[in-house]
Amino acid sequence: MSVLSPAAAPLAQAPGGHLICHEKPEHAAAIEHLLDAAFGPGRHAKTSYRYRQDGPPLAELCLIALDDSGRLAGTVRHWTVGIAGPTSDPVARQALLLGPIAVRPGLTGSGLGSALMHTAIASARELGHRLIVLVGDAAYYGRFGFGPAADLGLVMPGENPERLLALPLAPCDANAVSGTLVPLAGGCLRPLTGTADAA
């Protein structure tokens, strides 16, 4: 695995001497390799990936962890999604879609994934974002404050509702954020295509 350099100053230090910093373009190939190792090549068929396919992730919320040799040890990214309601503009009401998040095989249970999550959430809050959603295991992500997105009236077509989770970063009620999550590309609404696949 190639040695990578951090993008500017690290945002945080994680267990095992890992440094959490912003992703740079030179990290892209190593990140794809790590995600394939963590989730397999079928990951692109998941519902949540169809929300990411036409637009780039938010650079300011794409974080990586590097070990003390400069090798990629973990990654987390965020995309912007719209929230469509019966009388609302989905471009005007947005949330962050967190993921994928992964750590290098052999580092599971090391605390690195938790450090990436805490740093990502703190960064999103500092940047003024109001809501994060993700698709994942409620028992794991509950420790970071995520709860059922259905409690806020949020749905992701084709996704198992029990795996769709949400974390408000600012006080809000269901009336303010309820609706259907929709893909955005370049800040514009994009139709969701493809077959429905629960993750």
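The values are calculated or read from the model by the stated rules, or taken from the named source; none is laboratory data. Model, not experiment: these values are computed from the prediction. All Cβ positions, even for glycine, are placed from backbone atoms using ideal geometry, and neighbour counts span all protein chains on display.
A compact table of results
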| item | result |
| --- | --- |
| Among (1) touching a residue at least 40 places away in the same chain (Cβ under 8 Å); (2) closer than 26 Å to ALA122 by Cβ; (3) among the hydroxyl-bearing types (Ser, Thr, Tyr), the one test that TYR49 misses | (1) |
| Options ALA174, ALA120, ALA124, ALA138: the member that is modelled with pLDDT under 95 and not aromatic (Phe, Trp, Tyr) | ALA174 |
| Residue in the stretch 76-88 that is within 23 Å of HIS118 (Cα to Cα), under 13 Å from the mean Cα position of the chain (by Cα) and in a loop (DSSP other than H, G, I, E, B) present | no |
| Every pair of residues 6+ apart whose Cβ atoms lie under 6 Å, when the first sits in the stretch 13-35 and is closer than 18 Å to ALA120 by Cα while the second is assigned to a helix (DSSP H, G or I) and small (Gly, Ala, Ser) | ALA14/ALA115 |
| Filter result for the condition that a residue is over 21 Å from LEU19 (Cβ atoms) and either in contact with a helix residue (DSSP H, G or I) (Cβ under 7 Å, 6 or more places away or on another chain) or not hydroxyl-bearing (Ser, Thr, Tyr) (or both), over LEU112, LEU97, LEU116 | LEU97 |
| Residue match in the stretch 87-95 (condition: farther than 21 Å from ALA170 by Cβ, surrounded by fewer than 23 Cβ atoms within 10 Å (Cβ to Cβ) and either of a type in the set (A, V, I, L, M) or at pLDDT below 90 (or both)) | yes |
| Residue under evaluation CYS172, criteria (1) part of a loop (DSSP other than H, G, I, E, B); (2) of a type in the set (A, V, I, L, M, F, W, C); (3) crowded, with 17+ Cβ neighbours inside 10 Å, criterion not met | (3) |
| Some residue of the stretch 47-55 being within 23 Å of ALA95 (Cα to Cα), surrounded by fewer than 17 Cβ atoms within 10 Å (Cβ to Cβ) and at pLDDT below 90 | yes |
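Rundown of residues vs (1) more than 14 Å from the chain's Cα centre (by Cα); (2) modelled with pLDDT under 80; (3) within 12 Å of PRO100 (Cβ to Cβ); (4) surrounded by 14 or more Cβ atoms within 10 Å (Cβ to Cβ), yes/no style:
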{"residue": "ALA7", "(1), (2), (3), (4)": "yes, yes, no, yes"}
{"residue": "ALA12", "(1), (2), (3), (4)": "yes, no, no, yes"}
{"residue": "GLY17", "(1), (2), (3), (4)": "yes, no, no, no"}
{"residue": "HIS27", "(1), (2), (3), (4)": "yes, no, no, yes"}
{"residue": "LEU61", "(1), (2), (3), (4)": "no, no, no, yes"}
{"residue": "ILE64", "(1), (2), (3), (4)": "no, no, no, yes"}
